[in-house]
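*Asks:* First, the structure itself, so that you have it in front of you.
The values are calculated or read from the model by the stated rules, or taken from the named source; none is laboratory data. Computed from a predicted structure; not experimentally measured. For neighbour counting, all protein chains shown are included, and Cβ atoms are generated from backbone atoms with ideal geometry for every residue, glycine included.
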Amino acid sequence: MDFIEGEILYINKPLHWTSFRLVKVVRGKLRTLLNIKKLKVGHAGTLDPLATGVMIVCTGRKTKEIERLQATVKEYTATIRLGATTPSFDLETVVDAEYPVDHITEEKVRECLKKFVGEIQQIPPAFSACKVNGRRAYELARNSEVFELKPKLLVIDSIHLNNYDLPNITISITCSKGTYIRALARDIGECLNSGGHLISLERTRVGDATLDKCLQIDDLDDFFKENI
């Protein structure tokens, strides 16, 4: 493999790692093994630190394909806790409000999920990398500044209920670029006249890249040594 000329890698991002950290580790390992000072490395689609799963990492000239790869269909498995909300819509922040769940049934959850299939308008989370007047939304949110994010048009191809165990539900989602699963958790909670936030998220596919094709972090050293 020619990592300087360019390669596309599928890697399973570990829990608590930022996407930037994963890119930095790949770049560092390759620079050391290749004995070079510079190497262009980038990723095709950010994953939150509290998410795991498929990340596509490109090196060299293959970084030019990042935009194309980002535009491909993505699949996720998400567990949502109903009856409570957090400012970040996940476990990054603590619960700020609680709501009843006694009225929620499996049938109501299934009916609710149907409403999100197709083209939808979604307001991104305040704790996101969206820009507001040149500043990242998460910076404003962490400083308790008041601002408004505009809804974005996106496409959800399918949502399936995998497990119903109140207050938790686990769903699988196939969707377009730009979908915030954390925001979907918020919206599903509201749809059920309750609250909701994400407690786990795994990206299982990006285009042709699936979890079973991904390298594990602990395997990177051996993989690089065998392919350089």
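*Asks:* Any idea which of (1) more than 13 Å from the chain's Cα centre (by Cα); (2) in a loop (DSSP other than H, G, I, E, B); (3) charged (D, E, K, R) is the one residue 64 doesn't satisfy?
*Replies:* Unmet for residue 64, out of (1) more than 13 Å from the chain's Cα centre (by Cα); (2) in a loop (DSSP other than H, G, I, E, B); (3) charged (D, E, K, R): (2).
*Asks:* Same structure, new question: Which residue is surrounded by the most Cβ atoms within 10 Å (Cβ to Cβ), if the candidates are limited to segment 4-47 and must be part of a helix (DSSP H, G or I) and among the small types (Gly, Ala, Ser)?
*Replies:* 19
*Asks:* So which residues in segment 48-90 are more than 30 Å from residue 31 (Cβ to Cβ), at pLDDT 95 or above and among the small types (Gly, Ala, Ser)?
*Replies:* Once the filter is applied, which keeps residues that are more than 30 Å from residue 31 (Cβ to Cβ), at pLDDT 95 or above and among the small types (Gly, Ala, Ser), segment 48-90 yields 78, 83, 84.
*Asks:* Counting only residues that are closer than 18 Å to residue 166 by Cα and of a type in the set (A, V, I, L, M), how many does segment 60-118 have?
*Replies:* Of the residues in that region, 11 qualify.
*Asks:* Can you say whether residue 98 is at pLDDT below 95 and acidic (Asp, Glu), as far as the supplied structure shows?
*Replies:* Numbers: at pLDDT below 95: no; acidic (Asp, Glu): yes.
Criteria not met by residue 98.
*Asks:* Could I ask something else about it? Quick one: is residue 158 among the polar types (S, T, N, Q), more than 16 Å from residue 89 (Cα to Cα) and either without any contact (Cβ under 8 Å) to a residue 60 or more places away in the chain or assigned to a loop (DSSP other than H, G, I, E, B) (or both)?
*Replies:* Numbers: among the polar types (S, T, N, Q): yes; more than 16 Å from residue 89 (Cα to Cα): yes; either without any contact (Cβ under 8 Å) to a residue 60 or more places away in the chain or assigned to a loop (DSSP other than H, G, I, E, B) (or both): yes.
Criteria met by residue 158.
*Asks:* Mind counting the residues in segment 178-214 that are crowded, with 17+ Cβ neighbours inside 10 Å and part of a strand (DSSP E or B)?
*Replies:* 12
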